[in-house]
Amino acid sequence: MQTMDLAIIGGGPVGLEAAARAARTGLATVLFEAGEVADHVRAWGWLRLFSPFEWNAGPAGLKVLRAQGTALPAAEALLTGAELRAHYLLPLAAALRSRVEVREGARVRDVARADRLKGEALGEAARAEQPFRLLVEESGAETEVFARAVFDCSGTYGQPNWAGPGGTPAVGERSARRAIEYRIPDVLGARRGRYAARRTLLLGSGHSAATTACALGALARAVPGTRFTWASREAHGAPLRAIPDDPLPERVKLTRRANAIAAEPPPGCEWISRSRLLAVRQADSRGLEVDLEIDGKVRRDRFDRIVANVGYEPDDGLYRQLQVHACYASLGPMGVSAALLAAQGPPGDAPADCCIAADALGPETLRTPEPDFSILGAKSFGKNSAFLMQTGYEQVADAFSLLGWNAARTTGAR
């Protein structure tokens with residue numbers, strides 16, 4: 001059987017950066033993407049990033065594109081997801097195809113050692129004597145691929161949290177899941193017809209929910225009959241708390257706009273705090289009936305649409321047969337989770353910032369009990385949403401430095 005040097009799961013920004021670095025070091029590499037390259041970026045393509053292009057392009061990827069003379073956006077440009085995909089991610093994928101095996105439409109279902117059970121050789125370097133076996137579903141058929149190392153860069157965007165109490169499904173939420181929008185809808189663009197002159201329940205209190213709230217607020221002022229209820233769990237005086245000395249001006253503006261909408265919502269609209277979604281039912285062909293607990297009292301209401309911007313979590317089932325030490329709170333690898341908690345300080349008044357200092361993370365935070373297996377990118381942060389692409393690119397360099405069997409070849413590739 002052929003054994004690849006490296007298998008990369010996920011063809012998003014971090015996966016492509018890993019592929020670019022692997023190509024530079026001459027590793028036999030295969031990249032698996034369940035859909036098309038940068039599919040998750042395309043899903044939120046209409047959104048404009050808070051951070052400039054120079055933060056959202058990786059050093060290895062930039063070297064590949066500059067070497068072939070690709071025209072790149074200005075370093076300070078604030079791109080939409082669609083622009084980032086079109087002007088950076090897709091050209092990078094195209095440039096790598098001659099040096100890395102890129103397999104789109106290939107979903108990795110399971111990763112394990114070829115001949116080691118989860119409980120064997122606990123914490124021993126001997127586990128690395130067996131290659132990883134990846135079970136891959138492609139064109140309706142399953143195949144197996146073997147690799148000496150695996151980087152899981154599959155992200156979390158494809159696995160939204162449940163909207164019910166404690167992160168579990170509300171009563172009826174499983175049945176109504178297809179009728180609930182868990183991503184940020186393009187309310188003022190492609191999805192306008194779904195929300196104009198309709199009544200929407202918006203759940204969530206982060207920047208995703210704030211983005212949706214601002215769009216719904218603008219639509220409510222432009223189209224009569226457009227109404228929404230914005231419900232969040234927190235008991236603060238505003239849905240979003242400002243990040244002290246926030247280095248991202250666009251995020252500051254969003255926080256102010258969203259809090260202003262909550263303070264003075266358009267006619268027929270409201271923001272409610274200390275609320276929980278208890279139940280959801282299909283009322284008729286168009287509407288949904290919900291039970292909301294607000295300050296300990298249950299309110300039954302009816303909405304045309306539900307948007308649950310309640311965050312995402314990693315699919316840890318992919319590596320359930322590997323020795324991965326996961327955080328009991330975030331579901332991310334323990335090393336990264338512990339470093340994030342230390343960098344952000346104890347729970348208190350200040351909300352978490354995504355701009356983690358460069359020295360807060362490092363190679364050792366990526367190390368798991370499973371040799372040569374690393375979880376990179378947003379997935380490494382687990383349920384913690386304080387993630388920047390720039391952090392993922394730094395993790396890629398760190399992950400290569402952990403490949404003991406390839407240390408000599410990766411030296412200087414940072």
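The values are calculated or read from the model by the stated rules, or taken from the named source; none is laboratory data. Computed from a predicted model, the values in this text were never measured in an experiment. Methodologically, a virtual Cβ is constructed for each residue, glycine included, from the backbone with ideal geometry; neighbour enumeration extends over all protein chains shown. Side chains are part of the model used for accessible areas, which takes the heavy atoms of the whole protein and leaves out ligands, DNA and RNA. Shrake-Rupley method; radii C 1.70, N 1.55, O 1.52, S 1.80 Å.
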Distant-in-sequence amide H partners of residue 308 (H built 1.01 Å from N, under 5 Å)
181, 182, 203
Got the relative contact order for the stretch 52-198 handy, in percent, Cα pairs under 8 Å and 6 or more residues apart?
13 percent
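Let's see if you can work this out: charge +1 on each Lys and Arg Cβ, -1 on each Asp and Glu Cβ, no other charges. What is the dipole magnitude of the stretch 253-343 about its Cα centre, in debye to the nearest 20? Kindly include the intermediate steps, with their values, before the conclusion.
Values: 13 positive and 12 negative charges, 45 e Å.
Magnitude of the dipole: close to 220 debye.
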Out of every Cα-Cα pair in the stretch 202-247, what percent are more than 16 Å apart?
46 percent
Taking a label point 7 Å from the Cα of residue 36 along the Cα→Cβ vector, which residues of the stretch 64-92 have an amide N closer than 16 Å to it?
81-92
The farthest towards the positive end of the charge dipole of the chain, of the residues 121, 193, 335, given +1 on Cβ of Lys and Arg and -1 on Cβ of Asp and Glu, is 193
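How charged is the neighbourhood of residue 122? Take every other residue with its Cβ under 11 Å from the Cβ of residue 122, and add Lys/Arg as +1 and Asp/Glu as -1. Walk me through the numbers before you get to the answer.
Values: positive: 116, 118, 127; negative: 120, 124, 370.
For residues surrounding residue 122, the net value is 0.
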For the stretch 208-277, the convex hull over Cα atoms projects on average to an area in nm² of 4.9 nm²
For labels at residue 274 and residue 245 in the simple 7 Å Cα→Cβ model, what's the distance in nm?
3.4 nm
Cα centroid separation - the stretch 221-248 against the stretch 85-101, whole Å
38 Å
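Pop the C-beta distance of residue 297 and residue 264 into the FRET formula with R0 = 25 Å and round what comes out to the nearest 0.05. It would help to have the intermediate numbers written out before the result.
Working: r = 24 Å, r/R0 = 0.97.
It comes out at approximately 0.55.
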Taking only C-alpha positions in the stretch 155-235, Rg and Dmax in angstrom work out to 13.2, 39
So, in Å, what gap is there between the alpha-carbon centers of the stretch 272-337 and the stretch 1-56?
28 Å
Taking the Cα atoms of the stretch 54-173, report the difference between the largest and smallest coordinate on each principal axis, in whole Å and largest first.
50, 46, 33
In vacuo Debye scattering of the chain, one point per C-alpha: log10 I(q)/I(0) at q = 0.12, 0.14 Å⁻¹?
-1.01, -1.29
Dipole magnitude of the stretch 208-288 about its Cα centre (Cβ charges: Lys, Arg +1; Asp, Glu -1), debye to nearest 20:
180 debye
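Please state the relative contact order of the chain as a whole percent: Cα pairs under 8 Å, 6+ residues apart?
Details: 842 pairs, mean separation 73.7, N = 414.
This gives 18 percent for the chain.
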When the dipole is taken about the Cα centre of the chain, and only Lys, Arg (+1) and Asp, Glu (-1) are charged at their Cβ, what size is it in debye, to the nearest 20?
1200 debye
Residue by residue through the stretch 390-400, the couplings from Karplus 6.51 cos²θ - 1.76 cosθ + 1.60 with θ = phi - 60°, in Hz, x for Gly and Pro, are 4, 5, x, 5, 5, 5, 4, 4, 5, 5, 5
Between residue 137 and residue 221, the two model label points (7 Å from Cα along the beta-carbon direction) sit apart by a distance in nm of 4.6 nm
With all protein chains present, how much of the accessible area of the stretch 1-73 (probe radius 1.4 Å) comes from carbon and sulfur, to the nearest whole percent?
51 percent
